[in-house]
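A.B. asks: My questions will all concern the structure given below.
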Amino acid sequence: MGLEMYVTETPTFTTPDYRTRYVTPCVSDRKDPMDFEWYRGTGIDPQRHPLAPVIRFGACQNCESANVLVIAAQHNVHRMSGDVYYDYELSCNDCNRFTRVSFAGND
Ligand SMILES: [Zn+2]
């Protein structure tokens, strides 16, 4: 699988009304410690995201701008195989498109 990237008009990993649905830039939605932990919010600078140490957030795949906010992200390691999986979504302040990225480390 590797790395997959798509540019979209509306968000995929969060809700279209994320700008008003959330009151903070980035918050964990984890309720059960066994669940995947997704961070969602109104959008946060990639370098300030809690997952920045483990995800190298990219630029907008539509216009290559680095003026982006992370609006959704999750990172997990498979308990048995140790494979890394992550997903994230960017909103672009320049072209207003969304970039969704999925990584599966089981190549
Ligand atoms: Zn862009």
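No value in this document is a laboratory result; all are computed from the given coordinates. Predicted, not measured: the structure shown is a model, and the values here were computed from it. Cβ: placed from backbone, ideal geometry, glycine included. Neighbour counts: every protein chain shown.
A.B. asks: Going through the range 79-99 one residue at a time, which ones are within 16 Å of the ligand (Cβ to nearest atom) and among the acidic types (Asp, Glu)? If you could, list the steps in order and put the result at the bottom.
C.D. replies: Going through the range 79-99, the residues within 16 Å of the ligand (Cβ to nearest atom) turn out to be 88-99.
Listed by number, the residues that qualify are Glu89, Asp94.
A.B. asks: If a residue must be closer than 12 Å to Ser91 by Cβ and near the ligand (Cβ under 9 Å from one of its atoms), how many such residues does the range 64-74 contain?
C.D. replies: Residues flagged as closer than 12 Å to Ser91 by Cβ and near the ligand (Cβ under 9 Å from one of its atoms) within the range 64-74 amount to 3.
A.B. asks: I need the full set of residues from the range 25-63 which are of a type in the set (Asp, Glu) and over 22 Å from His78 (Cα atoms), in order please.
C.D. replies: Passing the criteria: only Asp45.
A.B. asks: Also, quick follow-up: Having 2 or more residues that are of a type in the set (S, T, N, Q) is the bar; report the strands (runs of 3 or more DSSP E) wholly within the chain that clear it.
C.D. replies: So the answer is 68-77, 98-104.
A.B. asks: Another question, then. I'd like the full set of residues that are touching a Pro at 6+ places or on another chain (Cβ under 8 Å) and among the basic types (Lys, Arg), limited to the range 49-85.
C.D. replies: Those that are touching a Pro at 6+ places or on another chain (Cβ under 8 Å) and among the basic types (Lys, Arg): none in the range 49-85.
A.B. asks: Looking at Thr10 and the list (1) in contact (Cβ under 8 Å) with a residue 40 or more places away in the chain; (2) surrounded by 13 or more Cβ atoms within 10 Å (Cβ to Cβ), which single condition is not satisfied?
C.D. replies: Exception for Thr10: condition (2).
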